[in-house]
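Just below is one structure, and these are the notes that go with it.
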Amino acid sequence: MIIGKRIDEVLSLQEDQQKIPFESLLPKGRLEEDTVLLRKENIQLVSSSQKKLYVSLTSSAIKEGLEVGLGAIITIHDTTKERELEEMRLDFVSMAAHELRTPLTSIKGYLSVFIKENASKFNAEQNTFLTRINNATNQLSSLTENLLNVSRIEKGTLTANLTPLDWAITAQQIVDQFQERAKENNLTLTFEKPQNIPQISADKVRITEVLSNLLANAVSYTPPKGQIVVQITNQGDQVVTNVKDTGRGIPKEAIPHLFTKFFRVFGALEEGSKGTGLGLYISKAIIDLHHGKIWVQSEPGEGSTFSFSIPALNNRD
Ligand SMILES: Nc1ncnc2c1ncn2[C@@H]1O[C@H](COP(=O)(O)OP(=O)(O)O)[C@@H](O)[C@H]1O
Ligand SMILES: [Mg+2]
């Protein structure tokens, strides 16, 4: 027997363990144009028999002419099965990436020793082959790490261990590591020596990943003879890092999608499918963990400037 009871006598709606108050489902005072009062995804519904389900919910006010306080129509959609499938998918991706990582680590390790010991004994062609094997191995390994990171982001287990960091020094080291790749692509890469940059509170490994992703993109998407400049500036209470390139730029329509998963401006098959469209998505998630912001300014044909800001570490902290 349900008729005649209030909805919250029969079931309880919860979001992050907090009860959603019954009143928030109902119209209050004057209605605006929109009659949707509340829309929630992935909340928990606990029935009076303690059965738990995941649901999405929409509450819409009933409106008749000028009458607005008539009540609401609440639609609840059970998403428990979808959620279970989603969890299985995430577990699978994470397991597969972990399993790939172990043999890859050993291939990488032995390969680098092998190359070091034999480079001088091999002829040019053999060395070219080895370089290709090495590049492909690195590509596979960064793809695996990206997949692991994506599954961490989606499971909510990507974390950042924030400690004081001299970002100007770390950034310089990262830029140095990219010099060779820039040269191979016939690009000049400069680091503008910053002045008086305060420390930031950051996870060194993760923030390195962000700058590396931006530099890897700048190198990949800038035609030969181009220039890449890295700047770090202190703006108010933020430390801002810019990666400027003279590359092909990004069309306006693509900009809102850039930081979403698997997005690539020219799709998956672009340039022999070198990328995966995960780098910027992961970078944004990392910057979010640092309470910062990431954005881009770009003009097609003229170049792009990717920037991120991280709050400066206050000396009084
Ligand atoms: N510096 C850049 N210049 C031009 N396009 C870029 C630049 N950086 C990123 N992009 C575009 O954004 C897309 C997403 O970048 P990213 O998430 O790093 O994925 P990936 O590099 O694997 O494709 C790229 O495929 C590219 O089309
Ligand atoms: Mg990339």
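Sorted largest first, the principal axis extents computed over the alpha-carbon atoms of segment 163-311 equal 41, 30, 25 Å.
Residue order by solvent-accessible surface for 178, 266 is 266, 178, largest first, with ligands and nucleic acids left out and a 1.4 Å probe.
Taken per residue, the accessible surface of segment 188-317 reaches 51 Å², heavy atoms only and a 1.4 Å probe.
Across every direction, the projection of the convex hull enclosing the Cα atoms of segment 83-155 has a mean area of 5.1 nm². Rounded to two decimals, the Cα radius of gyration of the chain over 2.2 N^0.38 Å is 1.31.
Dipole orientation for the chain: of the candidates 182, 85, 275, 182 has the Cα lying most toward the positive pole (charges on Cβ; Lys, Arg +1; Asp, Glu -1).
Projecting label points 7 angstrom from Cα along Cα→Cβ for residue 23 and residue 101 puts them 4.8 nm apart. In a simple Cβ point-charge model (Lys, Arg +1; Asp, Glu -1; nothing else charged), the chain has a dipole of about 500 debye relative to its Cα centre. Only lysines eight or more places from residue 244 in sequence, or on another chain, were considered; those with a Cα closer than 20 Å are 183, 193, 225, 252, 284, 293.
Rounded, prolate or oblate for segment 7-78? Axes are the square roots of the Cα gyration tensor eigenvalues, ordered a ≥ b ≥ c, and the cut-off for rounded is a/c under 1.5. Taking the square roots of the gyration eigenvalues as a ≥ b ≥ c, segment 7-78 is prolate.
How much accessible area per residue does segment 64-170 have, counting only protein heavy atoms and a probe of 1.4 Å, in square angstrom?
Per-residue accessible area for segment 64-170 comes out at 68 Å².
Using the Cβ-Cβ distance between residue 112 and residue 196 with R0 set to 35 Å, the FRET efficiency from 1/(1 + (r/R0)^6) comes to roughly 0.35. Rounded to the nearest 5, the antiparallel percentage of DSSP beta bridges internal to the chain is 90%.
For the pair residue 238 and residue 7, label points projected 7 Å from Cα toward Cβ lie 3.9 nm apart. Shown for the chain: the carbon plus sulfur share of the solvent-accessible area, taken with all protein chains present and a 1.4 angstrom probe, equals 54%. Estimated at 0.36 nm per residue, the fully extended path between residue 85 and residue 297 surpasses their Cα-Cα distance by 72.5 nm. Based on C-alpha pairs under 8 angstrom that are at least 6 apart in sequence, the chain has a relative contact order of 12 percent. Given axes a ≥ b ≥ c from the Cα gyration tensor, I'd like to know whether segment 126-187 is rounded (a/c under 1.5), prolate (a/b larger than b/c) or oblate. It is oblate, given that a/c is not under 1.5 and a/b is not larger than b/c. What residues of segment 277-317 lie in the reach of a label at residue 227, counting those whose backbone N is under 19 Å from a point 7 Å from the Cα along Cα→Cβ? Zone members listed by number: 297-307. Between the amide H of residue 199 and those of 313, distances stay under 5 Å, these residues lying 5 or more places away or on another chain, with hydrogens modeled in the peptide plane.
The values are calculated or read from the model by the stated rules, or taken from the named source; none is laboratory data. Here the structure is a predicted model, which is why all the values come from computation and not from measurement. Quick reminder, even Gly has a Cβ in these numbers, built from the backbone with ideal geometry, and neighbours come from all protein chains shown. Surface areas here come from the heavy atoms of the whole protein model, side chains and all, with no ligands, DNA or RNA. Shrake-Rupley method; radii C 1.70, N 1.55, O 1.52, S 1.80 Å.
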